[in-house]
C-alpha cells in the first residue's frame, strides 16, 4: 500500500510540475507578444509625433520604475539620403510610478548611452531634422512651428 501511495504522489507531483512549466511557457510567450506589440505601438506613436521614422529594437521594464530602451534610431526624413539622424545604444528612463498611474509622464532621470548624431543639409539648405522633431526639441507646438516656417 505505501508504495502505491508514493507512486500516486509521484505521478500527481509530475503532473503538477508539467502543468506549472506549461503555464509559465504560455505566460512567457504571451509576454513576448505583448512586448512586441508595445514596441510597435510606441515606435509608431513617436514616429508620428516627431515626423521621422523611429526604430526601437528592444525594451525592458523593471518593477522599480526603470525602463531601458535598446538600439533606438531616428531615420533621416524624406528628401535626404537614407541613413540615420540619431542612433542611441540604450536609453535609461527612471520613471516616477505614482505620476504614471495618474496618467502623466514624469521622469527622475534620463541617461543616454553611446548617442551618435549625424547632421546634414540637403540641396535646399534644410537640416535633416523634421519640423515635428525641431518643435519637440525647442518646446514649440506644431502650430507655432508652421507659423514660424511660413514667415
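See the values below:
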{"item": "Dimensionless Rg over Rh [region 2-150; C-alpha; Kirkwood]", "result": "1.24"}
{"item": "Residue 14-residue 94 FRET efficiency (beta carbon distance; Förster radius 41 Å; 0.05 resolution)", "result": "0.40"}
{"item": "The chain - mean residue ellipticity at 222 nm from DSSP helices (-39,500 (n - 2.57) per run, n ≥ 4, rounded to 500)", "result": "-16000 deg cm²/dmol"}
{"item": "Separation of the residue 36 and residue 101 label points, Cα + 7 Å toward Cβ, nm", "result": "3.2 nm"}
{"item": "Fewest-first sequence of 133, 20 by Cβ atoms within 10 Å of each Cβ", "result": "20, 133"}
{"item": "Inter-site label distance for residue 137 and residue 22 at 7 Å from Cα along Cβ, in nm", "result": "5.5 nm"}
{"item": "Sequence of 87, 7, 96 once ranked by neighbouring C-beta atoms within 10 Å, starting from the fewest", "result": "7, 96, 87"}
{"item": "Estimated inter-spin distance, residue 68 and residue 120, nm [label 7 Å along Cα→Cβ]", "result": "3.2 nm"}
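All of the numbers you see were taken from the coordinates with simple rules; none came from a lab. Everything numeric here is computed off the predicted structure, so don't read it as measured data. A quick note on method: Cβ atoms are made from the backbone with ideal geometry, for glycine too, and the neighbour counts reach across all protein chains shown.
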